[in-house]
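The values are calculated or read from the model by the stated rules, or taken from the named source; none is laboratory data. Everything numeric in this text was worked out from a predicted model, so none of it was measured. All Cβ positions, even for glycine, are placed from backbone atoms using ideal geometry, and neighbour counts span all protein chains on display. Just so you know, the surface numbers come from the protein's heavy atoms only, side chains and all, with ligands and any DNA or RNA stripped out. Shrake-Rupley method; radii C 1.70, N 1.55, O 1.52, S 1.80 Å.
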Protein chains: 2
Amino acid sequence: MARLPGYLRALTALASDGTLSVSSEELASAAGVSSAMLRKDLSHLGSYGVRGVGYDVDRLASEIAAALGLTQDWPVAIVGMGNLGRALAAYRGFAERGFRVIALLDRDERVVGEVIAGTRVRSTADLPDLVERDGLAIGVIATPPEGAQEACDTLVDAGVRSVLNFAPVVLTVPDEVVVRTVDLSTELQILAFHGQRLAVAEAVAP
Amino acid sequence: MARLPGYLRALTALASDGTLSVSSEELASAAGVSSAMLRKDLSHLGSYGVRGVGYDVDRLASEIAAALGLTQDWPVAIVGMGNLGRALAAYRGFAERGFRVIALLDRDERVVGEVIAGTRVRSTADLPDLVERDGLAIGVIATPPEGAQEACDTLVDAGVRSVLNFAPVVLTVPDEVVVRTVDLSTELQILAFHGQRLAVAEAVAP
DNA sequence: GTCACTTTGTGCCTGTCTTCACAAAGTCGT
DNA sequence: ACGACTTTGTGAAGACAGGCACAAAGTGAC
Ligand SMILES: NC(=O)c1ccc[n+]([C@@H]2O[C@H](COP(=O)([O-])OP(=O)(O)OC[C@H]3O[C@@H](n4cnc5c(N)ncnc54)[C@H](O)[C@@H]3O)[C@@H](O)[C@H]2O)c1
Ligand SMILES: NC(=O)c1ccc[n+]([C@@H]2O[C@H](COP(=O)([O-])OP(=O)(O)OC[C@H]3O[C@@H](n4cnc5c(N)ncnc54)[C@H](O)[C@@H]3O)[C@@H](O)[C@H]2O)c1
């Protein structure tokens, strides 16, 4: 169900355009998938479409949001306030989608206390408190690769069970913890692979 | 073959530890996959392992790098010098993996001319020149969603055929152009989904 | 009330990706 | 030189995802 967020984004865009109803064909093209796939995905949530008409935009958006667990706000903490951590802290897009950055954390005492995007950087030692008192559920790791496993362990020990990792390392976690790693170098390498394929194809048949 | 970058990263780490040879079992666990999958993946590249011994770390790293097209450096341009663009510009990890950021671009005249991470920001109008003269092959889009399609079109018109997109939109491009979109909100929403599943499971069987 | 038309929901098929399991191939000690 | 042992490479089986195509279900005009 990794495509639901894409559908939700397309629906939100349609709703702000004032569109009330949408067919699977239209929504699929807006989300960049095939209409058959879209219908199959939505059918797993239940029957929210009307045959001959399509889907009610607001209704479907609510259903998808509910399925994703976005009826509540999710508290997020960012660990590692370097270049990337600062950019993430300043990003408004998270709040728009129901993710509240409630804490910025770092290990380095020279960074702790600094105010970034209106929030004071705290020590990673505060993590258990954040989970206990503020319901922190999601941790974002933006430390260098060397510190990532340690940061992850600290998060997991404090009770966080969802982690978004930007460090190019494979993190080891207990089964109940979910880690998603976003590795930009990997993305670029995949693009390089395609670039090379294009170059080779062109050399053969120019 | 989206896993090759992961193998390469694991191999690089092993090489810098001084390891000369590695078994499929070890490498697979370092890369976070099963050993059967690793062997099957590697067998598509050719037979670079030695039965009873394993794989030569340096040799295999070279072969994978060659398969990915990483024997050459890939010139990269970043379009959109906001929070995220600046973080990317300052990131040293790209250069380490053979990606040279040769240009920082923005549409806003107040940003053009500014020096970020030692490079002067240029106008997007320079793009055709960068492709022609410097062999620019990969474009990174770090503009707000509204500007992303326009930025993408500019890149494609200039001749760029590999695009890494950080804006949460579906980009429309010709067939020969490859776009990879990294959407952090989507990642968080998937984590929220897991968080909710855990919460529900706990409510049922505490 | 009926009929033509639109669009969903879904059974089935096809191709791909993953795992299993084992023969083939090589190493190393003796 | 040989045999026990280790580890690769791969055929076969299984799981899964995606697409096709159509019946079912609803709308709306007359
Ligand atoms: N900067 C980018 O644009 C970019 C792009 C792609 C990937 N990344 C990855 O993101 C990560 C961060 O990159 P960066 O450029 O922001 O790094 P950085 O060196 O600028 O910042 C790292 C910060 O993390 C803190 N830190 C280190 N270990 C810690 C720990 N165990 N607990 C808490 N804080 C800790 C440091 O004190 C520092 O403030 C790296 O893994 C990098 O590979 C960054
Ligand atoms: N900041 C983050 O950490 C973060 C996190 C996740 C996703 N994103 C996404 O990344 C993108 C950039 O975010 P940001 O916070 O850096 O935005 P930003 O508003 O800080 O910066 C955007 C920059 O892009 C430039 N720009 C706009 N349209 C352009 C065009 N057509 N061509 C060239 N330049 C153009 C603007 O002049 C501005 O300098 C957004 O799409 C955002 O959704 C950012």
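Worth pointing out:
- Meets criteria (among the aliphatic types (A, V, I, L, M), in contact with a strand residue (DSSP E or B) (Cβ under 8 Å, 6 or more places away or on another chain) and assigned by TED's automatic domain parsing to the domain that holds B:Val22) for B:Val50: yes
- Taken over segment A:78-135, the residue count meeting the criterion of being among the hydrophobic types (A, V, I, L, M, F, W, C) and touching a residue at least 60 places away in the same chain (Cβ under 8 Å) is 4.
- Single residue of A:Thr119, A:Thr124 found to be open to solvent by 40 Å² or more (accessible area, probe 1.4 Å) and either hydroxyl-bearing (Ser, Thr, Tyr) or touching a His at 6+ places or on another chain (Cβ under 8 Å) (or both): A:Thr119
- Qualifying positions in segment B:61-89 - more than 15 Å from the chain's Cα centre (by Cα) and within 30 Å of B:Arg39 (Cα to Cα): B:Ala61, B:Ser62, B:Glu63, B:Ile64, B:Ala66, B:Ala67, B:Thr71, B:Gln72
- Positions within segment A:1-54 being in a loop (DSSP other than H, G, I, E, B), touching a residue at least 24 places away in the same chain (Cβ under 8 Å) and within 25 Å of B:Leu191 (Cα to Cα), in sequence order: A:Met1, A:Arg3, A:Gly32, A:Val33
- All positions within segment B:152-180 that are open to solvent by 10 Å² or more (accessible area, probe 1.4 Å) and in a helix (DSSP H, G or I): B:Asp153, B:Thr154, B:Val156, B:Asp157, B:Ala158
- Considering residues of segment A:185-206 that are facing another protein chain (nearest Cβ under 7 Å) and among the hydrophobic types (A, V, I, L, M, F, W, C) only, the residue surrounded by the fewest Cβ atoms within 10 Å (Cβ to Cβ): A:Leu198
- In summary, A:Thr71 fulfils each of the numbered conditions (1) open to solvent by 40 Å² or more (accessible area, probe 1.4 Å); (2) outside any helix (DSSP H, G or I); (3) at the interface with chain B (Cβ under 8 Å from one of its Cβ atoms) with the single exception of condition (3).
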